[in-house]
Structures are given as C-alpha cells and as structure tokens.
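This report concerns only the one structure given below.
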Amino acid sequence: MDIILYLLQTIQVLYRQNCWLINFICRYIPLKQWAFDDSHSPKYQKFKIDELPLITDFRQDWTYKELIPYYEKRYGKKIRPVSRRSPCDIPDECTCPRCDAPKPFLYKNNGSKGQLLCKVCSARFSPAENRFSFMKLRCPHCSNALVPKKDRKHFIVHKCVNPKCPYYLHNLKNVDRADLKEDYGRNKYKLHYIYREFTMDFFSMDLNTLPKNASSLKFSKHNAHVMSLCLTLHVNLGLSLRKTSQALKDLYSISISHQQIANYCKTAAICVKPFVDQYPYEKGDVFTADETYIKIRGIKTYVWLIMNAATRSIIGYQVSDNRGVGPCILAMRMAFQGLAKLPENFKFIADGYSAYPLSAMEVVKKMGKDFSFKITQVIGLTNDDAVSAEYRPFKQMIERLNRTYKASYRHTNGFDNIDGANYDLALWVAYYNFLRPHKHDQYKPLNEAEMLQGADNMPGKWQLLIFLGQQTILNMQKKNDPTAQERCCCQ
C-alpha cells in the first residue's frame, strides 16, 4: 500500500510540473504563428464570411382535401363552407397558403384590416404578406429567424438580431470596453451573424455568348496581312493606336487610320475570344486570383484575373464596373469550366477581400460538394504570419501578372467604354496564353496549339489564331443549332 501511495503522489507531482511547463511555454516561448493576432478581433470579422444559414420550409404535404375527411373521421365534425350573411370582397383566386383551401372556407378575421382566417386549418394570414409562402432563413448558431435589413443591387442582407445568440455574445466579449461606453460604439464591429441572399443567378448566365455586333472579315482596301500587322504592333509590342498607324506608314508605307486599327482589333477579339475561353487548359491544384483597376472615361473599372499557378496560364478573367461578388463568381465559373470535380488538396489563393470567400460559398451551393474549397488569404505586404510566409510566392505570381497587364494598358490612357476594355483584355489574354514567350517555359508560349507551330512569324500566327476562333464559333453554333452548319458571324 505504501508503494501505491508513493506512485500516486509522484504522478501528481509530475502532472503539476507538466502544467507549469505548458503555462511557461505558452507565455514566454513564441510558437509558429498561423494567423494574424487581429484575426480574432471583432474588427477583423468584417472581412470574414459567415457560414450558410439553416432553412426551414413551411410548406405542408397535406391540403384541405385530406384535412376535411380526417377531421370528420377523427372528431366526427364535418367542416362546411362559411355561411355568409353579406357580400364578401375576398378575391376569388385567394387560397389558404397553408392548406390551399379556396375562398368558400376563408373569412375576414379582423374586419377591414386585411387579415384572413382559414376555417379548415385555422391559419391566419394576409394576402399581401404571406408568412407561409416562402422558406425561412435561420441563424445556424441560435436557430432564430433572420431579419432582412438591407436591400442591395444584387443581394439582400439578412441579420440575426437575437441578443442571446452565442455567436453575438462571443464577439461581444472581445469588444474594447471603451467603445462600449460610446454612443453607437459597438457599430464599429461586426457582431451579429449576417447572410447575403443573392437575387440574381450568376450561374444561369452564359459565359460563351458571342457579341451581337460581330464584324465581317471581308476587306475592301487592305487584307488579312495588314490586319495581322496591326495586331502585332498594337498587342505584342504595346504601341498605341496612333503609334501603330505611324509605324505602318513609316515601315511599310501603309496608310491606315487609328480608327480602322481599332476596328480590326475589335473584330479580331470577337473571333479569338471563343477559342481562348473554350481551350482545354491544364488545371492544376493551385489557383491564384486578384483584381486590379483600369479607367473608363476617368472612372474606375475592375479587371479580375485567375491564374493556374503550375502552368501560369490565365484561366479566368472578367471586366466589371463594380467590385462586387458577381464578377468574381463569373471569373470562378470560367476557371472551373471543364472540371468534373476539384483536385485533391486544392488551394485557391487570394488576398483578404471578402468577395472571394463569398463567391466560394456560392460556387459550393450551386455546383455541389465536389467543388467545396476554402480561400487561402494572403493578407498584407509582409509575412506577418505563417500562412502569408508559405503562400506569398503564389500571391506574387498574380501581382506580377497584374503589372504585366497594366504595362500593356498604360499606353491607352484609359478606354472610352466597357466594350473596348473587354476587347482589349480578350486580345491580351490570347497573346499572353498562346503567343508570348515566357521565361518560365524556356521562352516558349505557355500553350502551344498545333496549328500555330506552322507559322514562322507573328502576323501569320495571328491569322491562324483568328482561323481557330472561327472554327470554334462554328462548332458552338452547330452544337446549339444543328441546322445552322453554314452560318458564322465572322466570314
């Protein structure tokens, strides 16, 4: 017995020593930091996206046709239509939203104030605002019904206003006490659960829609070689439209206006874009994304770019007049097209902007669990945490891509309209993915189309690229309309 008592005392001493050592390590020895210290602050919660809400459906499987015989059999009471003593102004098409009972079983519950009562299921409702006609969104932390607070252009902001919600109470504990003493001081923080319900379906939009104003490739004064020379000087060498016109006159004695060069670029972009978007790019397990801005008539417009980190190819791009979630979703759809499911250990690397995790949530909700992924956010310009230190090289890739694009855009001094920005970006992506020599790939193009290998110079490659785009347009038209085998928007 003395030996057992001695062993128990020794175990207790060792346990206290272990607790003291763990406490000492946590206080004085810096461990590897995997997240910002501010990431747990309520102020940083503004940049985080909450999880999906719970959904409660009020629709019932039974109707008044099943309820009336059930009540008669169960209680011996037959429910008869309302016996009215005066004319009723209830609309004939009005029915009970709960059991679908028609007008004869409905009567006014509070006179002329608008509330109706169903005689079959005893449901009280208003024809204008029906609480049974839609699904209810509930907070995943307290199951309280969400309240719509703000109606934005493309989404509705729902908020949990329950003051006893565990999520709210947890965030409230970390709020600075000085802010709590101020009037509306807690409004500096995001404390409540918030969900954005999108009113526009960005997944029903067609990414492959061809422009309606496609031009013809029938030349009246010049030929296809002059057009390809314009593309080489303007896109490859980065000359402005007027400098391209001057270079053609000085080098080749070709007199052509800068507006005609712009028309050539627009026509070429319309032809080339379907081939660039439909090309079966190699998709790796790491995507990196970022957004930058350009100017259209002096107003900021945003360009979204998504790159495959392994091959450096641009697999998703969009031009938008806003920095919302919609353009980010469209760029992600373009990047994920052709994939049946995401690769294992998939990483999507972006900055701390909240549009990326919100878009990832919508992608999972629409495309299924096979496209479930989380955004790895590289925040700031310095490696203040282990996540940024590990994934900083991927973020630098997309930042370098932004600078490369901005170098080609700078000579334009902005665009006149968003169509011009779209055409310019489509041509530049085609040049970057298929024609530009890259040091990363031993000064070869990132994607080598077999037909382009037969051209010895860059104007010839542009002509072949336009031809490949025409073939892609024909295949798209045959797929959508089998009888349209002879039609093509670019002839």
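The values are calculated or read from the model by the stated rules, or taken from the named source; none is laboratory data. Not measured: the values here are computed from a predicted model. Glycine gets a Cβ as well: all are built from the backbone with ideal geometry, and neighbour counts include every protein chain shown. Note: areas computed on protein heavy atoms with side chains; ligands, DNA, RNA excluded. Shrake-Rupley method; radii C 1.70, N 1.55, O 1.52, S 1.80 Å.
Taking every residue in segment 245-266 that is closer than 12 Å to Cys230 by Cα and among the basic types (Lys, Arg) and pairing it with any residue that is open to solvent by less than 70 Å² (accessible area, probe 1.4 Å) and at pLDDT 90 or above, at least 6 positions away or on another chain, the pairs with Cβ-Cβ distances below 9 Å are Lys249/Ile256.
Regarding Tyr281, is this residue crowded, with 18+ Cβ neighbours inside 10 Å, more than 20 Å from the chain's Cα centre (by Cα) and at pLDDT 90 or above? Considered against the rule, which asks whether it is crowded, with 18+ Cβ neighbours inside 10 Å, more than 20 Å from the chain's Cα centre (by Cα) and at pLDDT 90 or above, Tyr281 comes out as yes.
The sole residue among Phe434, Phe467 that is under 20 Å from Thr267 (Cβ atoms) and touching a Cys at 6+ places or on another chain (Cβ under 9 Å) is Phe467. Restricting segment 182-195 to residues that are open to solvent by 70 Å² or more (accessible area, probe 1.4 Å) and more than 27 Å from the chain's Cα centre (by Cα) leaves a set whose member that is nearest to Val147 (Cα to Cα) is Asn187.
Within segment 312-357, no residue satisfies the criterion of being open to solvent by 30 Å² or more (accessible area, probe 1.4 Å), under 11 Å from Ala289 (Cβ atoms) and either of a type in the set (A, V, I, L, M, F, W, C) or part of a helix (DSSP H, G or I) (or both). When restricted to residues that are part of a helix (DSSP H, G or I) and surrounded by 16 or more Cβ atoms within 10 Å (Cβ to Cβ), segment 138-181 contains 4. Taking segment 446-480 only, how many residues are open to solvent by less than 30 Å² (accessible area, probe 1.4 Å) and not in a helix (DSSP H, G or I)? Qualifying residue count, segment 446-480: 4.
Conditions tested, residue by residue: (1) open to solvent by 50 Å² or more (accessible area, probe 1.4 Å); (2) among the aliphatic types (A, V, I, L, M); (3) closer than 22 Å to Asn457 by Cα; (4) assigned to a strand (DSSP E or B).
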position	(1), (2), (3), (4)
Ala268	no, yes, yes, no
Val272	no, yes, yes, no
Lys295	yes, no, no, yes
Val303	no, yes, no, yes
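Results for (1) of a type in the set (Gly, Ala, Ser); (2) outside any loop (DSSP other than H, G, I, E, B); (3) open to solvent by 10 Å² or more (accessible area, probe 1.4 Å); (4) out of contact with any Gly (no Cβ under 6 Å at 6 or more places or on another chain), shown as yes or no for each residue.
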site	(1), (2), (3), (4)
Ser359	yes, yes, no, yes
Val363	no, yes, no, yes
Lys366	no, yes, yes, yes
Ile379	no, no, yes, no
Asp384	no, no, yes, yes
Pro393	no, yes, yes, yes
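Note on segment 237-262: residues that are surrounded by 12 or more Cβ atoms within 10 Å (Cβ to Cβ) and within 12 Å of His222 (Cα to Cα) total 4.
Restricting the search to segment 96-108, which residues are assigned to a loop (DSSP other than H, G, I, E, B) and open to solvent by 60 Å² or more (accessible area, probe 1.4 Å)? Hits for segment 96-108 are Arg98, Asp100. Applying the set (1) touching a helix residue (DSSP H, G or I) at 6+ places or on another chain (Cβ under 8 Å); (2) more than 30 Å from Ser86 (Cβ to Cβ); (3) aliphatic (A, V, I, L, M) to Val157 leaves exactly one unmet item: (1).
Give the residues of segment 377-399 that are touching a residue at least 12 places away in the same chain (Cβ under 8 Å), over 28 Å from Tyr432 (Cβ atoms) and of a type in the set (Val, Ile, Thr), sorted by residue number. Val387 - this is the single residue of segment 377-399 that is touching a residue at least 12 places away in the same chain (Cβ under 8 Å), over 28 Å from Tyr432 (Cβ atoms) and of a type in the set (Val, Ile, Thr).
One residue stands out among those in segment 58-95 that are modelled with pLDDT under 85 and closer than 30 Å to Arg138 by Cβ: the one that is surrounded by the fewest Cβ atoms within 10 Å (Cβ to Cβ), which is Asp61.
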